[in-house]
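Everything below concerns the one structure shown next.
The values are calculated or read from the model by the stated rules, or taken from the named source; none is laboratory data. All values derive from a computational prediction rather than experimental measurement. Please note: Cβ atoms are built from the backbone with ideal geometry, for glycine as well, and neighbour counts cover all protein chains shown.
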Amino acid sequence: MAGADPAAGERAGGLLGSVKKLVATLVDVVHTRLQLLANEIHEERVRLQQLWLLAILGVFFFALGVLLSTLFVILLFWDSNRLLVMGGFAGLYLVIGIGFAVMVRNRTARGSRLFEASLGELKKDRARTSRTSVSSCWRAVLRSVTISPCWRGSYRVR
């Protein structure tokens, strides 16, 4: 009776080890989710930068087209060939500006996919945890526990 029961030490170490593994797994899951979240925030920032660039270019070319259209109307009553060139450029810039405006409208109508992957992973996690019933957890615990006979005929858990 001088020493402690070595099986009790193993059980305590096993329980502590299991808790440590569980905490490590939870930390890994949280780390993965945070990395995914950071990635999605970065992608959303890039998308918004592209939208701003397209919007600015669209407004610029539309304004340029309006300016050239005004010059076209002013020069309409002048000599012959200058009008065709000015009208062609005005039409070209208007088409470019309208094209950019349509691109901005289409991208904003599509909506943001911000946090889509994170939410999908969380749904998968929730589905996995709800599928795991209490009885299946107990079955896993019982499979990991071995019972051996003691010298007095009773049973001891290792």
Do you know which residues across the range 45-99 are of a type outside the set (A, V, I, L, M) and under 27 Å from the mean Cα position of the chain (by Cα)?
Arg45, Arg47, Gln49, Gln50, Trp52
Of all residues in the range 67-116, which are exposed (fewer than 13 other Cβ atoms within 10 Å of the Cβ) and of a type in the set (S, T, N, Q)?
Thr70, Ser80, Asn81, Asn106, Thr108
Here's a check for you: in the range 36-66, which residue that is loosely packed, with under 14 Cβ neighbours inside 10 Å and among the small types (Gly, Ala, Ser) is modelled with the highest pLDDT?
Ala63
I need every pair where a residue in the range 105-120 that is closer than 14 Å to Glu40 by Cβ and polar (S, T, N, Q) has its Cβ under 7 Å from the Cβ of a residue that is modelled with pLDDT of 75 or more and surrounded by 11 or more Cβ atoms within 10 Å (Cβ to Cβ), sequence separation at least 6 or different chains.
Ser112/Glu44; Ser118/Arg33; Ser118/Leu36; Ser118/Leu37; Ser118/Glu40
